[in-house]
Each structure stands twice: as structure tokens, then as C-alpha cells.
Amino acid sequence: MKKRCEALAKLLRQSERVVFFGGAGVSTESGIKDYRSKDGLYNTVKEYGVRPETILSRSFFLENPEMFYDFYYKYFLSETPAPNPAHIALAKLEQMGKLTAVITQNIDGLHQAAGNTNVLELHGTISTYHCVRCRKPYPKEDVEALHGGVPRCPHCGGLIHPDVVLYEEGLNGATVDAAIDALTMADLLIIGGTSLAVYPAAGFLRFFGGEHIVLINRDETPYDDRAELIFREKIGQVLKAAVELM
Ligand code: ZN
């Protein structure tokens, strides 16, 4: 791994507009539960009688908000995770003027907690909420202060929706545009913690305009043959080592 980390450090030294594209693997290194994992799927079906993707859909949210929030609190708000070495290394790369954007499928806000400022959250965030009826925004603290149950808008009584993109909902157009811009301008793309098998991850990569792709993922991906360097090790371990070698 040392040789490959040195090669990554060299690529980072040579590059000026690095983009990191991250998936669930980045968050699981902080101990965050992945509802898409085998255990997550098994436990959800056992407890709720439906798959997590069903619970996390717009129609289910509107029709069964009690069950939705029960699942949501359990999977997304029960822990207060901290940034791991991957988040910290990426924040350092931004401070060094190398990293232009983090594009993430995660919703936990850990990149911002580590210090990254340009974080493009394709699937939204657990940090804020809005009312589905009057659109009024609410911070996480207001909703957490209710201590469970279905949060209702104090203004209009409407259902409060987390700013997470649910299944059956479209991605935020401005976020998508910013992600495409960052990829188009990038000279080095580092992909971490995603199998690139599901929408929208794979679709974005065709916008990458640079030459160098580095892949950090435990399992094989359909993009392995396009990558200049491949790591199967932990993302935090790889990025930390590479940044130290720069
Ligand atoms: Zn409202």
C-alpha cells in the first residue's frame, strides 16, 4: 500500500483541482449504520415489514409519517458520530488549496464538521428540515427538541420533512449543477466508499473532464478499469497516509 499511497501523494502534488466523490463507505468508517447493508435490510424488514427504500420514499413518508420518523430517528439521529481520518484528510486538502469540492451521497454533515466548506450533498442533509405545506425551514435542533414523534409545523400544522432527498423525489437542481461544474473542471477525481452501481453516482462520472481517477473501495466497481490507482483499504487510512506523504 505504501507505494500506491506515494503515487497518490504525487498525483495530489501535481493536481490543482481535486474533487472527491464519496459514498456510504466514508460514513461507515465513522460508525454510522448503513440501512442498505445486509443487517440494515434484514432488521428493517423484520421490524417494519417493508424494505428501507420503501420507508424512505415520499409516498410512504406522507402516508405513514409515524413509521417513517420511527425509522428515521433510529437510523439517522440516534448517534452523534464524529469525523473520521477520511473527513479530516479531505478538510486538509481543501485548506491546502487542492480540493475544490466534496460531492457526497451521505447526509450526515461530517464533511462540514471536519472543516470542508464546499460540500455538495446529492441526497440532502439531516441537519435541516422544512414544512411540506408552507416550506418554512427548521434547524435540526428544533425538531430534536420535540423528543420523537412526528414533527408538525407550528405555523401551519403541515408535516415537517427532513431536507433529505427521499426515494421518488428529485435531486436539488443547484446541487447537481454545482457537482457537474466541479467535475468538469477537475484534474483529479478521487472516488471513495461507493460501488458506483446505483443512480446517481455512475451518471455523474461521465462529466469528469480530467485525466486521473483514483478509486478507494472495498469491493470491485464497474469503473476499476478506468482508475489509475485502486485501493481496497480503508478510505481514512489511505487519504491520511497520502496527505502526510505530500
Ligand atoms: Zn408550515
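Roughly how many debye, to the nearest 20, is the charge dipole of region 140-195 about its Cα centre, given +1 on each Lys and Arg Cβ, -1 on each Asp and Glu Cβ, and no other charges? It would help to have the intermediate numbers written out before the result.
Values: 2 positive and 9 negative charges, 40 e Å.
The calculation lands at about 200 debye.
Specify which residue in the list 182, 50, 93 is farthest towards the positive end of the charge dipole of the chain, using unit charges on the beta carbon of Lys, Arg (+1) and Asp, Glu (-1), about the Cα centre.
Farthest towards the positive pole: 93.
In debye, nearest 20, what is the charge dipole magnitude of the chain about its Cα centre with +1 on Lys and Arg Cβ and -1 on Asp and Glu Cβ, if you could check? Mind dumping the intermediate values first?
Working: 26 positive and 31 negative charges, 67 e Å.
Value, rounded to 20: 320 debye.
So how much slack lies between residue 38 and residue 132, counting 0.36 nm per residue of separation and subtracting their Cα-Cα distance, in nm?
On the way: separation 94, 0.36 × 94 = 33.84 nm, distance 3.19 nm.
The span from residue 38 to residue 132 would gain 30.6 nm if fully extended.
For residue 38, which aspartates and glutamates qualify as cross-link partners when the Cα separation must be under 18 Å and same-chain residues fewer than eight apart are set aside?
Cα-Cα hits under 18 Å: 29, 47, 53, 219, 220.
Build a GNM of the chain with springs between Cα atoms under 10 Å: which of 146, 11, 120 gets the top mean-square fluctuation?
Comparing 146, 11, 120 in a Gaussian network model of the chain, the most mobile one is 146.
If one takes the longest principal axis of the Cα atoms in the chain, at what angle in degrees, from 0 to 90 and to the nearest 10, does the Cα axis of helix 38-48 lie?
The angle comes out at about 0 degrees.
I'm checking a number: the convex hull volume of the Cα atoms of region 175-243, normalised per residue, in Å³. What is it? Intermediate results must be reported in sequence, preceding the final value.
Numbers: hull volume 6.5 nm³, N = 69.
Output value, Cα hull per residue: 94 Å³.
Alpha carbons only, please: Rg and Dmax for region 44-122, in angstrom.
Expressed in Å, the Cα Rg and Dmax of region 44-122 come to 16.3, 48.
Report, as a whole number in µm² per second, the diffusion coefficient that Stokes-Einstein gives for region 1-86 at 4 °C and 1.567 mPa s using the Kirkwood radius over alpha carbon pairs. Write out the running numbers ahead of the final one.
Working: Rh = 15.7 Å.
Approximately 82 µm²/s, per Stokes-Einstein.
Quick one: of the DSSP bridges fully inside the chain, what percent are antiparallel, nearest 5? Working shown, then result.
Numbers: 8 of 30 bridges.
Just about 25 percent of them are antiparallel.
Which FRET efficiency, nearest 0.05, do residue 226 and residue 1 yield, Cβ-Cβ r, R0 35 Å?
On the way: r = 21 Å, r/R0 = 0.59.
Computed FRET efficiency for residue 226 and residue 1 comes out at 0.95.
What FRET efficiency do you get for residue 117 and residue 77 if R0 is 25 Å and r is their Cβ-Cβ distance, rounded to the nearest 0.05? Before the final figure, lay out the partial values.
Numbers: r = 24 Å, r/R0 = 0.97.
The formula returns an efficiency of 0.55 here.
Over the chain, what number does the Rg to Rh ratio reach, with both radii from the alpha-carbon atoms and Rh per Kirkwood? Show your work: numbers first, answer last.
Working: Rg = 18.7 Å, Rh = 18.9 Å.
With Rg and the Kirkwood Rh in hand, the quotient comes to 0.99.
Give me the dipole magnitude in Debye, nearest 20, for region 27-131 about the Cα centre, with unit charges on the beta carbon: positive for Lys and Arg, negative for Asp and Glu. Each step should come with its number before you reach the end.
Details: 9 positive and 12 negative charges, 50 e Å.
It comes to approximately 240 debye.
Read the figures in this text as sums done on the coordinates, not as results from a lab. In this text the structure is predicted, and so the values were computed from the model without any measurement. Here Cβ is always computed from backbone atoms with ideal geometry, including for glycine, and neighbour counts include all displayed protein chains.
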